[in-house]
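What follows draws every value from the coordinates through simple rules; no lab data is involved. All of these numbers come straight from a predicted model, not from anything done at the bench. Don't worry about glycine lacking a Cβ; one is built from the backbone with ideal geometry, like all the others, and counts go over all protein chains shown.
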Amino acid sequence: MKICIMGQGYIGLPTAALFTRNHCEVVGVDINEKIVENLNKGIIHIEEPGISDIIKNAVNNKVYKASLTPEKADAFIITVPTPYIVENYSCDLSYVITACETIIPFLEKGNTVIIESTIAPMSTDETIKPIFEKAGFTIGEDLYLAHCPERVLPGKIIEELIHNDRIIGGVTEECAVKASEVYGQFVEGDLMLTEAKTAELSKCMENTFRDVNIALANELAKICAEIGVNALDVIEMANKHPRVNLHSPGPGVGGHCLAIDPYFIYAKAPETAKIIKLARDTNNSMPDFVCENVKKIIKEGKIAVFGVSYKGNTGDDRESPAYEIIAKLSANYEIAIHDPHIENPNFVSFNEAVENANLILVLCDHDEFKELDYDFIAKNMKKAVIFDTKNIIKEVPEEIKLINYGNLYKLN
């Protein structure tokens, strides 16, 4: 089977890698010339375990190539971004529409087209299907269209693409069957065949469920800071109940999924989706909450920001709340950013960040931040204070002050 994948980012590239490892020929299409050039040399641009070696081998074995334009194939998979439109929170389908229109000259009867990008409910039927019908195809007869959303965790994408159950949402039953044959090349989890609109809403609700539960933990952290209770103790005690699993509070919610997908549902039913919108508002308020407490800890000086990735042990900083926090603090403080997982000429080393700092602000749960060089910190900071918004540092020497969501209330 030959597969053409539109978009070679955090989903498209790992998906391409697995198809090449399972006897498929893959063309990976991207609009970024530098990315295409590097991929054809076997150089990948994302941090994800296992991908690099697979792509290098695929390039060497001539079963993978990157391109700026599509080619004829048996199946076309679209993995381009779907941001939300700020004015009304609706799903911005412009990249998906462009990708669909781009592949039309390369489509042949019998092809399968799969939308992996997360999209709002009814998008496949109401917006995407008409694009191909206008081009002369009959969906379910000579072209098979489905929405099959990705459901993976950064850092474990290869493992989860293989083993997670896969939702296969066809515009028709035959479309779902044809799409399942594509993923059957490498997916070992169950292939769950359904309608496109059910698949769309299922994916959005998976991320909305998590967003709402994170919002509950973040709201609890705010309440505890206000009334004088240790939020981390509350969570630990409550989670001893066999049917309770409170999340850990943090500096906000980032990523291309959790911070965006709930809006797709809200935009469809704004008068009804009240909990969903309130959860989004709560999580969006956390950068302000962090900044307010930073100002209680220090009035001026240098802040060493540790981590801007939205998720630990990855270089993915899409929609990261860290950037909003940094922007707000930059007006009154000197900021030095350290993130060992992101290459940025403006970021500095651990030593440079800590030197003469008045505060270390932990905004990401990289493993590197769980055990720090406390001797260096104690000797080189102006004031040895750490504000850990991810609650990952468990113990520090006596000469260092540790503030987290457990003892935050003591600042009031």
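Considering only C-alpha atoms, what is the centroid distance from segment 98-132 to segment 69-87, in Å?
8
Run through every distinct alpha carbon pair of segment 74-224 and return the Kirkwood hydrodynamic radius in angstroms, one decimal place.
Values: mean 1/r = 0.0614 Å⁻¹.
Kirkwood radius, segment 74-224: 16.3 Å.
I'd like to know which of 23, 38, 91 lies farthest towards the positive end of the charge dipole of segment 16-129, counting +1 on Cβ of Lys and Arg and -1 on Cβ of Asp and Glu.
Of 23, 38, 91, it is 23.
Over the Cα atoms of segment 82-165, what radius of gyration and what Dmax do you get, in Å?
Gyration radius and largest Cα-Cα distance of segment 82-165: 14.6, 41 Å.
Dipole size in debye (nearest 20) for the chain around its Cα centre, Lys and Arg Cβ +1, Asp and Glu Cβ -1?
Around 600 debye, computed over the chain.
For segment 1-101, calculate the relative contact order in percent as a whole number, restricting contacts to Cα pairs under 8 Å that are 6 or more residues apart. Walk me through the intermediate numbers first.
Numbers: 179 pairs, mean separation 34.0, N = 101.
Here the relative contact order equals 34 percent.
I need two numbers for segment 124-206: Rg to one decimal and Dmax as a whole number, Cα atoms only, in Å.
13.3, 41
What residues qualify as long-range amide H neighbours of residue 403, i.e. H under 5 Å apart, gap of 5 or more or another chain, H built at 1.01 Å from N?
Placed amide hydrogens put 386, 387, 388 under 5 Å from residue 403.
Size of segment 311-366 along its principal axes in angstrom, Cα-based, largest extent first?
That works out to 28, 24, 21 Å along the principal axes.
Taking the Cα centre of segment 140-199 as origin and charging only Cβ (+1 Lys, Arg; -1 Asp, Glu), how large is the dipole, in debye to the nearest 20?
Values: 5 positive and 12 negative charges, 49 e Å.
With Lys and Arg at +1 and Asp and Glu at -1, about 240 debye.
Can you count the Lys pairs in segment 1-150 whose Cα atoms are under 19 Å apart, with each pair 8 or more apart or on different chains?
Step by step, the pairs that qualify in segment 1-150 add up to 15.
Which whole-number value in Å³ per residue fits the convex hull of the alpha carbons of segment 1-146?
Details: hull volume 16.3 nm³, N = 146.
In segment 1-146, the Cα hull volume divided by residue count equals 112 Å³.
What is segment 141-241's relative contact order, in percent, from Cα pairs under 8 angstrom and six or more apart in sequence? Display every interim value, and only then the final one.
Values: 120 pairs, mean separation 23.9, N = 101.
For segment 141-241, the relative contact order is 24 percent.
Where the convex hull is taken over the Cα atoms of segment 143-261, what is its projected area averaged over directions, in nm²? Please report the intermediate quantities before stating the final value.
Details: hull surface 36.9 nm².
The orientation-averaged projected area of the Cα hull of segment 143-261 comes to 9.2 nm².
How large are Rg and Dmax for the chain when calculated on the C-alpha trace, in angstrom?
Rg then Dmax for the chain, in Å: 23.3, 73.
Enumerate the helices in the chain for which the Kyte-Doolittle hydropathy averages -1.0 or more and the C-alpha atoms extend at least 18 Å along the helix's axis, using complete DSSP H runs.
Values: long enough: 196-227 (47 Å, 0.10).
Length and hydropathy pass: 196-227.
From the residues 237, 342, 260, which one has its Cα farthest along the dipole of the chain in the positive direction, the dipole being from +1 and -1 charges on Cβ of Lys/Arg and Asp/Glu about the Cα centre?
Positive-end residue among those listed: 237.
Just how many pairs of Lys in segment 361-404 have C-alpha atoms closer than 17 Å, counting pairs that are eight or more places apart or on different chains? Before the final figure, lay out the partial values.
Numbers: 370/390; 370/394; 370/401; 379/401; 382/401; 383/401; 390/401.
For segment 361-404, qualifying lysine pairs total 7.
Please list, ordered by chain and number, the residues whose modelled amide H lies under 5 Å from the amide H of residue 84; skip anything fewer than 5 residues away on the same chain.
Placed amide hydrogens put 92 under 5 Å from residue 84.
Write out the GluC sites (Glu not before Pro) in segment 319-412 meeting two conditions: DSSP loop, and at most 14 other Cβ atoms within 10 Å of their Cβ. Before the final figure, lay out each step's value.
Working: sites: 319, 324, 334, 343, 352, 355, 368, 371, 395, 398, 399; in loops: 319, 343, 355, 371, 395, 398, 399.
Within segment 319-412, the qualifying GluC sites (Glu not before Pro) (loop, at most 14 other Cβ atoms within 10 Å) are 343, 371, 395, 398, 399.
Only Cα pairs under 8 Å and at least 6 apart count here; give the relative contact order of segment 209-273 as a rounded whole percent. Intermediate values should be presented prior to the final figure.
On the way: 39 pairs, mean separation 23.0, N = 65.
For segment 209-273, the relative contact order is 35 percent.
From the gyration tensor of the Cα coordinates in segment 252-385, what semi-axes in whole Å does the equivalent ellipsoid have, largest first, with each one equal to sqrt(5λ)? Before the final figure, lay out the partial values.
Numbers: eigenvalues 196, 54, 25 Å².
Its equivalent ellipsoid spans semi-axes of 31, 16, 11 Å.
In debye, nearest 20: dipole of segment 166-240 around its Cα centre with unit charges on the Cβ of K, R (+) and D, E (-)? Walk me through the numbers on the way to the answer.
Working: 7 positive and 13 negative charges, 22 e Å.
It comes to approximately 100 debye.
How many lysine pairs in segment 236-354, separated by 8 or more positions in sequence or lying on different chains, have Cα atoms less than 29 Å apart?
The result is 17.
From the backbone phi of segment 184-189, what are the Karplus-calculated ³J(HN,Hα) couplings (6.51 cos²θ - 1.76 cosθ + 1.60, θ = phi - 60°) in whole Hz, Gly and Pro given as x?
Values, residue by residue: x, 4, 9, 6, 9, x Hz.
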